[in-house]
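Following: one structure in structure tokens, then a few remarks.
The values are calculated or read from the model by the stated rules, or taken from the named source; none is laboratory data. The structure displayed is predicted, hence computed values, not measured ones. We place every Cβ from the backbone using ideal geometry, glycine too, and count neighbours over all the protein chains shown. Please note that ligands, DNA and RNA were not included when accessible areas were found on the heavy atoms of the full protein model with its side chains. Shrake-Rupley method; radii C 1.70, N 1.55, O 1.52, S 1.80 Å.
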Amino acid sequence: GSGWRHWRDVHWPTVRLGLLTSVCGFAALVFSGFPGLAQLGVFSLAGLVAAALATRYVLPVVAPDGASGKGLRRHMARLAAWVLHALPRLRWPLLALCIASAGLLLWQRGDLWGAGLGAMSPVPASAQEMDAQLRADLGASDARTLVIVQGSDEETTLRAVEAASQRLQGLVDSGQLAGFDAVTRVLPSLAAQQARQTSLPDAATLRERLPEALRGLPLAPARLEPFVAEITRAKAMPPIRHADLKNGPLAPIVNAMLLQRPNGGWSSVISLHTAPSFNAEQLRLALADLPSAQVVDVKVELDSLYARYLNEAFVQVLAGALAVVVLLGLYLRSGPRLLAVCQPLVLAVLLTLGGLAAMGVPLGILHLVGLLLVVAVGSNYALFFDQLRVTGRADEETLASLLLANLTTVVSFGLIAISQIPSLAAIGRVVAPGALLALL
């Protein structure tokens, strides 16, 4: 019959195995040190398990007799059957294309995975270029090169920032820097504040000097008595401390540039406004005699972090793929059947990567995630075709279901592929063609 008991006996074992293979693949991402991949793994596992449980226990109640589809089901089954009979004629051309893709990937292996952390940004490239242009026009910091100053306590750190600022001012005078932003412009060290107060003359000295300073000017010294009073008041003021600024308008600036480290000590960030003649090596030489100051190239550090995450993702994806193969081998208990199930997955991945390489697309960690999705989706197709080969009968419902599942996947990820958000487009441009190739 065609009721739910027939589906449970014939098709549920295949669906269950497809679920387990997909779970093995995505479980590897759950333990990733990259939060985005770990979240993707958790969401994928939750969705897969929920969908499988709904298919097994909810659909039989809603449609106990199978509820054979109407409308396009028969037409989709005929289309799938025609493709099933026509494609074997293209076996050798497709195999040659896969070999060519493998050769291209081998040739470009050094530059293939060239996408950096910027490829994961949701901000379009045009907006990033406009931001860089506006920063250049305004003379604002590009936030790429920073000077990090560290100290054992707050006062030591502020003194070190002032020492570094003296070196940086020399680079400003030589034209290598357009300027810099240091926290000591808002919160000087106690030593600097005391030195400035000490340099202020007292009231008697000011009154003695004012006649000489005002000689030839139409201003009487008595008119500057408020100035003398202000200087006297400033000389007696207590020094400004970090706590005095916590509730004022300068607090966000100070808190962004002066940080207390969790493991003890303090750090301060000096942002630079680089000029066209800026030379990072000259900057390092200027600060070489200050062990508390360190020059940080943010782009280099982020690229290094991204490369570490990419290598970690490679290991996890390979571990997940190996777990899938082991699980399939334990279930199928046949070398030829295992090869038949794995072969379309490998070829689909090769053709997808080859197409991206031919178009000159730099691959990154999101493309790797897309390939994992291709394997997760394609393994289900391969298992159902393995079932059809075992039973020797390709029924209309199975063929129509496979084609419908594939078309919904291709359409969904095809829409993502044309997104203006680079991170979404990267996944869609891998999964949409990869899933179609996996079925074919």
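Please work out which residue is nearest to C342 (Cα to Cα), limiting yourself to segment 412-440 and to residues that are assigned to a loop (DSSP other than H, G, I, E, B) and β-branched (V, I, T).
Ranking the candidates gives I418 first.
Please find, within segment 258-274, the residue that is farthest from R284 (Cα to Cα) out of those that are out of contact with any Gly (no Cβ under 7 Å at 6 or more places or on another chain) and open to solvent by less than 30 Å² (accessible area, probe 1.4 Å).
In this case the residue turns out to be L258.
Residues checked against (1) hydrophobic (A, V, I, L, M, F, W, C); (2) closer than 19 Å to A313 by Cα; (3) modelled with pLDDT of 85 or more:
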| residue | (1), (2), (3) |
| --- | --- |
| F384 | yes, no, yes |
| A394 | yes, no, no |
| N406 | no, no, yes |
| L415 | yes, no, yes |
| S419 | no, no, yes |
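Looking only at residues that are closer than 19 Å to V341 by Cβ, open to solvent by 30 Å² or more (accessible area, probe 1.4 Å) and among the β-branched types (V, I, T) in segment 375-411, which one is nearest to the chain's Cα centre (by Cα)?
Only one residue fits best here, namely V375.
In segment 226-241, which residues are assigned to a helix (DSSP H, G or I) and either open to solvent by 70 Å² or more (accessible area, probe 1.4 Å) or of a type in the set (F, W, Y) (or both)?
Answer for segment 226-241, where residues must be assigned to a helix (DSSP H, G or I) and either open to solvent by 70 Å² or more (accessible area, probe 1.4 Å) or of a type in the set (F, W, Y) (or both): P226, F227, E230, R233, K235, A236.
I want to confirm something. Restricting to segment 189-214 and keeping residues that are outside any helix (DSSP H, G or I) and over 30 Å from L258 (Cα atoms), which single residue is most open to solvent (accessible area, probe 1.4 Å)?
D202
Search segment 338-361 for residues being surrounded by fewer than 15 Cβ atoms within 10 Å (Cβ to Cβ) and over 20 Å from G18 (Cβ atoms), and hand back the single one that is nearest to the chain's Cα centre (by Cα).
By that ranking, first place goes to G360.
If you go through segment 307-328, how many residues are more than 13 Å from S22 (Cα to Cα), crowded, with 18+ Cβ neighbours inside 10 Å and out of contact with any Gly (no Cβ under 8 Å at 6 or more places or on another chain)?
2
Condition first: in contact with a helix residue (DSSP H, G or I) (Cβ under 7 Å, 6 or more places away or on another chain), open to solvent by 30 Å² or more (accessible area, probe 1.4 Å) and modelled with pLDDT under 90. Now tell me which residues in segment 421-439 satisfy that.
Within segment 421-439, P422, L424, I427 meet the criteria.
Would segment 290-298 turn up any residue that is of a type in the set (D, E, K, R), assigned to a helix (DSSP H, G or I) and open to solvent by 30 Å² or more (accessible area, probe 1.4 Å)?
The answer is no, given that none of the residues of segment 290-298 is of a type in the set (D, E, K, R), assigned to a helix (DSSP H, G or I) and open to solvent by 30 Å² or more (accessible area, probe 1.4 Å).
Evaluate the following for Y331: is it at pLDDT 85 or above, open to solvent by less than 30 Å² (accessible area, probe 1.4 Å), in a helix (DSSP H, G or I) and among the hydroxyl-bearing types (S, T, Y)?
No.
Checking the condition assigned to a helix (DSSP H, G or I), open to solvent by less than 90 Å² (accessible area, probe 1.4 Å) and at pLDDT 70 or above, which residue from A119, A136, A132 passes?
None of the others qualify; the one that does is A132.
List the pairs whose first member sits in segment 35-60 and is within 19 Å of V374 (Cα to Cα) and open to solvent by less than 60 Å² (accessible area, probe 1.4 Å), whose second member is of a type outside the set (A, V, I, L, M, F, W, C) and assigned to a helix (DSSP H, G or I), and whose Cβ atoms are under 6 Å apart, counting only residues at least 6 apart or on separate chains?
L48/S22
If D244 satisfies every condition in (1) under 20 Å from D153 (Cα atoms); (2) open to solvent by less than 70 Å² (accessible area, probe 1.4 Å) but one, which is the exception?
(2)
How about segment 18-86: which helices (runs of 4 or more DSSP H) wholly inside it have at least 1 residues that are modelled with pLDDT under 85, among the charged types (D, E, K, R) and within 39 Å of the chain's Cα centre (by Cα)?
none
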